[in-house]
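Throughout, read-outs are computed from the coordinates displayed, never taken from laboratory work. This is a predicted model, so every value here is computed, not measured. In this analysis, Cβ positions are derived from the backbone assuming ideal geometry, glycine residues included, and neighbour counts consider all displayed protein chains.
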Amino acid sequence: MSENSLNIDYKSVLARYSGSVESGDSSDSARLFDRKIWRVKDVAGFLGCSIGHVYNLVSDEKIPKRKKHGLLFFVPDEILNWVLEGD
């Protein structure tokens, strides 16, 4: 999958879910998809949940993650696919 098609997927998902987001927040969300790596607060913002909930998902190994030197990182494409897969 090319990088451009991934950006289109992110933008279509953002457009689908940004209807309930205020205009100031949607620009922050658009910038979120420009990043290649997310941290916990980025995932929480995308999912619309608390940071604690993201940590619970990580500890239960329910969400795709990467660890390096004790720090948590998330790949946006993996998170998007995880959301779209559902349970």
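Around V54, under 15 Å between beta carbons, what's the net of Lys plus Arg minus Asp minus Glu among the other residues?
Neighbourhood net charge equals +2.
Only residues of segment 51-76 count here: report those whose backbone N is under 17 Å from the spot 7 Å along Cα→Cβ of R39, or say none.
Answer for this model: 51-55, 66-76.
Net charge near I37: determine it from the other residues with C-beta under 13 Å of the C-beta of I37, scoring Lys and Arg +1 and Asp and Glu -1.
Net local charge, I37 excluded: +4.
Sum up the charges of everything whose Cβ sits under 12 Å from the Cβ of E85, counting Lys and Arg as +1 and Asp and Glu as -1, but leave E85 out.
Once positives and negatives cancel, what remains is -1.
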